[in-house]
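Remarks on the structure that follows.
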Protein chains: 2
Amino acid sequence: MAVDLELAPKTKRSPGERCCEPVVYPEVDREHALRMVDVARALGDPIRLQLVDVLRKHAGKVCVCELVPLFDVSQPTLSHHLGRLRSAGIVDSERRGLWAYYYVIPGALEELSTWLS
Amino acid sequence: MAVDLELAPKTKRSPGERCCEPVVYPEVDREHALRMVDVARALGDPIRLQLVDVLRKHAGKVCVCELVPLFDVSQPTLSHHLGRLRSAGIVDSERRGLWAYYYVIPGALEELSTWLS
DNA sequence: GCTCGAGATCGACCGCCATCTATCTACATA
DNA sequence: TATGTAGATAGATGGCGGTCGATCTCGAGC
């Protein structure tokens, strides 16, 4: 229910008068909100957002050794960012020999995407 | 960000062997990415995400005095969150007398929403 | 004028996070 | 078994951000 601004400020205020009709709306489901917050925080870093962008545009699984030279941070730092993306449930990895391949989990961004639109 | 194909991994055991086909993909436009990071960070807090949710579900402008009792934080803290949402370009406010009304800026979430989907 | 109240700002505290270097683990080749 | 390499982990550090109480601002009503 929208607030009617025309009714809001009256010329006289009486005790207990409100600025507007009560809105008091139940927010989005709590678990739902917390999951989206995790995803949003994971995307709230330039390196991680660009990591997701690269991984998404590349349909397959990308080797870490291909990702490190793309960014101006050390290898442990990039590993840390990949770990955060994995903790948020956005990406997962697969090890083959010495190499590790990361990929975006299908549908991982759908919840936030749907809520945003 | 520069892409350097020469940085592809080299191993001694198989000269010229790679862990994978070179991906080295130019990411999303830098300014574009930074704007989305700002929005994502602004949404990366449970209170702010729920604030945006409440404001969006109400097509009109909502008084701060209606928002404060919805959350278990002090008034200065909620004001701080509203300020962060405004800094990120997600919401704006309008003052009428003693009261302040907040609303979601139309299209503010569109950029991130489009990129996510 | 004076007071009251809604909301913003200030200053402080504290925890989280991005970053680094150093080290560790696991695997592959000799 | 010994060595080299890819990637993860550990520990330290500096900065950002969420929170509070206290204070400030300014419009409204007396």
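The values are calculated or read from the model by the stated rules, or taken from the named source; none is laboratory data. Owing to the predicted nature of the structure, the values given are computational and were not obtained by experimental measurement. Note that each Cβ is placed from the backbone with ideal geometry, even for glycine, and that neighbours are counted across all protein chains shown.
Do we find a residue being within 11 Å of chain B (Cβ to nearest Cβ), at pLDDT 95 or above and within 9 Å of DNA strand C (Cβ to nearest atom) anywhere in the range A:49-57? No: zero hits. So is B:THR77 surrounded by fewer than 21 Cβ atoms within 10 Å (Cβ to Cβ) and modelled with pLDDT of 95 or more or not? Judged against the criteria, B:THR77 is a match. All conditions but one from (1) within 13 Å of DNA strand C (Cβ to nearest atom); (2) not in a loop (DSSP other than H, G, I, E, B) apply to A:TYR103; the one that does not is (1). Before we move on, is B:LYS61 more than 9 Å from DNA strand C (Cβ to nearest atom), modelled with pLDDT under 95 and under 26 Å from A:GLU31 (Cα atoms)? Here the answer is no, as B:LYS61 does not meet what is asked. Applying the criterion of being at the interface with chain A (Cβ under 7 Å from one of its Cβ atoms) and not in a helix (DSSP H, G or I) to the residues of the range B:58-71, the residue that is nearest to DNA strand D (Cβ to nearest atom) is B:CYS63.
In the range A:87-117, the qualifying residues are those that are within 8 Å of DNA strand D (Cβ to nearest atom) and surrounded by 14 or more Cβ atoms within 10 Å (Cβ to Cβ), and the one that is farthest from B:LEU116 (Cα to Cα) is A:TRP99.
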